Amino acid sequence: MGEYVTQQLVVGVGGRAGVSVAEVCALVEETLRGAGLPSEAVTALATVESKTAEAGIAGAAERFGVPLLGYPAEQLAALAVPHPSDAARSATGTPSVAEAAALAGGGELLVPKRRSVAATCAVATAHAHDLRHHGDAEVIDAGSGLVDLAVNVRSDTPPEWLKQRIAASLGDLAAYPDGRSARAAVAARHGLPVERVLLTAGAAEAFVLIARALGAVRPVVVHPQFTEPEAALRDAGHRVERVLLKASDGFRLDPAAVPEEADLVVVGNPTNPTSVLHPAATLAALTRPGRILVVDEAFMDAVPGEREALAGRMDLPGLVVLRSLTKTWGLAGLRIGYVLAEPEVIAKLAAAQPLWPVSTPALVAAEACVSPAALAEAEEAARRIAVDRAHLLAGLAEFDEVTVAGVAEGPFVLIRIPEAAEVRTRLRALGFAVRRGDTFPGLDPSWLRLAVRDRPTTGRLLQALDHALTLTGR
């Protein structure tokens, strides 16, 4: 079998006249080490054209064994960078040699500008992640016969009783939607006043509202996670900073990794795609006056007892919790979710919504899915998922080539495997669609996400995986 494919990196470098090779190399190595990035993943050093002849920078590229890319100052000056400098602009014609040169190839900044006495460096991916790639792309237009392990919607849903409730609402389509009853039901389900609840067309709409209505100055997204929050922030004109969790740490979050100046922080719990469930106390430590903490709990109802949930908490300043009803209940095509937050935040988000954003059938579904009987059914499903996930993990443990990072607590599992792209293609030929991982910031092409399914389906998957690995290893 081949080695893991590591995310390719470009290091932008700058330096004063006469900077030494040793200083440039030491700064680059220290920056990579501090970010948990391997030096062997560096594919190029990059700088402004006027610095390509600088012996210390050219020598550093030679020592790393990579090419040195030089960009015209006017090209770098046109790139937006997080830490511009008037001094750098005066000296080189661009406001940040290191950051702009790192970004010039079209990738995304992983580590902003770092300095030594006479050198600067910044690290970016060699290519941008496709933030708009989602699991449905693995199965759409694929024809019949593929077993869908790429989408995290619970199989065999929606249940018949929910279909009947939704169908019965079709007689009311002539009237405009009235969300008061559903809003009150959601509020009662979490023990909150209705002023703390906003119904949305799925969690995806909530991300757009947050990006547009809350006026964040320094938004931070904790990755790897669902990419739609960052995409929405970027679309709204925000410059997004990332906190990348490490596989070597089990993708666990250290609150100290989040910049103190961040006024909007987005994190998933349990996190898609890592399946890690962060302790509620860890997330609560991120809250403070003047900061909005957005916790995406779209998969929390798939966790038995909803351990570590923050939904319903009213003691944490700036807490915004998002919930989706599309995953557990199989309503991705209906679009229904909700936001739980302080009344002032709810009012701002509601003001940014169009009129009647949630359809009558979706409102009926929302009310039905938070009823006591539905909650009991969801809890039973969560416990069944936990058993099925344990069966999947036990089977994966039989493969020496497969690594599961972190402790999986959601209805999906993230695995690392050599030559994952080829394995994914072979699984597809064998009838199984799985989710590629390299579109998630912080992950590279060696990662795949598998939805948890029933034991017979998992058994067939494990047989197919064994066959795919055998073919790949030839």
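The values are calculated or read from the model by the stated rules, or taken from the named source; none is laboratory data. None of the values given here were measured: they were computed from a predicted structure. Positions of Cβ are generated from backbone atoms using ideal geometry, with glycine treated the same way; all protein chains shown enter the neighbour counts. The area values use the complete protein model at the heavy-atom level, side chains included, leaving out ligands, DNA and RNA. Shrake-Rupley method; radii C 1.70, N 1.55, O 1.52, S 1.80 Å.
Need pairs with beta-carbon distance below 8 Å; first residue more than 14 Å from Gly268 (Cα to Cα) and modelled with pLDDT of 95 or more and within the range 296-310, second open to solvent by 20 Å² or more (accessible area, probe 1.4 Å) and assigned to a helix (DSSP H, G or I); sequence gap 6+ or separate chains.
These pairs meet every condition: Pro304/Glu379; Pro304/Arg383; Pro304/Ala386; Gly305/Glu379.
Any chance the range 225-242 includes a residue that's under 19 Å from Arg323 (Cα atoms) and among the aromatic types (Phe, Trp, Tyr)?
Start the filter on the range 225-242 by keeping residues that are under 19 Å from Arg323 (Cα atoms), which leaves 225-233.
Still in the running and among the aromatic types (Phe, Trp, Tyr): 226.
The answer is yes; a qualifying residue exists.
Just for the range 4-34: of the residues that are open to solvent by 50 Å² or more (accessible area, probe 1.4 Å), at pLDDT 90 or above and of a type outside the set (Gly, Ala, Ser), which one is farthest from the chain's Cα centre (by Cα)?
Here the residue is Arg16.
Residues of the range 35-50 being at pLDDT below 90 and open to solvent by 60 Å² or more (accessible area, probe 1.4 Å), which ones?
The answer is Glu40, and nothing else.
Anything in the range 84-108 that is at pLDDT 85 or above and open to solvent by 40 Å² or more (accessible area, probe 1.4 Å)? List them, or say none.
Pro84
Residues Asp438, Asp400: which one is touching a strand residue (DSSP E or B) at 6+ places or on another chain (Cβ under 7 Å) and either more than 20 Å from Asp148 (Cβ to Cβ) or open to solvent by less than 50 Å² (accessible area, probe 1.4 Å) (or both)? Spell out how you get there, then give the answer.
Values: Asp400 fails: touching a strand residue (DSSP E or B) at 6+ places or on another chain (Cβ under 7 Å).
Going through Asp438, Asp400 in turn, the sole match is Asp438.
Closer than 22 Å to Glu228 by Cα, out of contact with any Cys (no Cβ under 6 Å at 6 or more places or on another chain) and surrounded by 18 or more Cβ atoms within 10 Å (Cβ to Cβ): is that true of Gly406 in this structure?
no
Among the strands (runs of 3 or more DSSP E) confined wholly to the range 258-368, which include 1 or more residues that are open to solvent by less than 20 Å² (accessible area, probe 1.4 Å) and small (Gly, Ala, Ser)?
Working: elements: 264-268, 292-296, 319-324, 337-340.
So the answer is 264-268, 319-324, 337-340.
Could you give every pair whose Cβ atoms fall below 8 Å, whose first residue belongs to the range 70-94 and is touching a residue at least 60 places away in the same chain (Cβ under 8 Å), and whose second residue is open to solvent by 60 Å² or more (accessible area, probe 1.4 Å) and assigned to a loop (DSSP other than H, G, I, E, B), counting only separations of at least 6 or pairs across chains?
Ala80/Arg239; Pro82/Arg239
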